[in-house]
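All remarks here apply to the structure that follows.
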Amino acid sequence: METKKFIAYYRVSTDKQGRGDLIQSFTEIESGRKNNRPELLIALDECRKNKAALVIAKLGRLARNVYFISGLV
C-alpha cells in the first residue's frame, strides 16, 4: 500500500508572523470522535516547555467535540 504524501502550506498576515521556527511536529492517528490523544498531550507539554504556540491547520482536525476543544483553551 502506497503512503499518502502531504505538503504543508502556511499563510500569515505579517512579516513578523512569518518569522518562526517549527521546532517539532506531531501526528495523531485517531478518530475525531475519541478524546484519547496522547500525541496532543505531548505536543501541549512541549509547547509549555518551549514557550511555543501550538499551530493547527484546521480546528476541525483537532476534534469534533466542542466541549473537548474548549477544555484545551
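Each value in this text was obtained by applying a stated rule to the coordinates, not by laboratory testing. In this text the structure is predicted, and so the values were computed from the model without any measurement. Heads up, the Cβs are rebuilt from the backbone with ideal geometry, glycines too, and the neighbour counts pull from every protein chain shown.
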**Asked** In nanometres, what is the gap between the two model label sites at ILE23 and LYS49, each 7 Å from Cα along Cα-to-Cβ?
**Response** 0.9
**Request:** Report, please, the projected area of the chain averaged over directions, based on the convex hull of its C-alpha atoms, in nm².
**Result:** 6.4
**Message:** Taking the Kirkwood radius as the inverse of the mean 1/r across Cα pairs, report the Rg/Rh of segment 31-72.
**Reply:** 0.96
**Cα centre as origin, Lys/Arg/Asp/Glu Cβ charges: the chain dipole, Debye** = 240
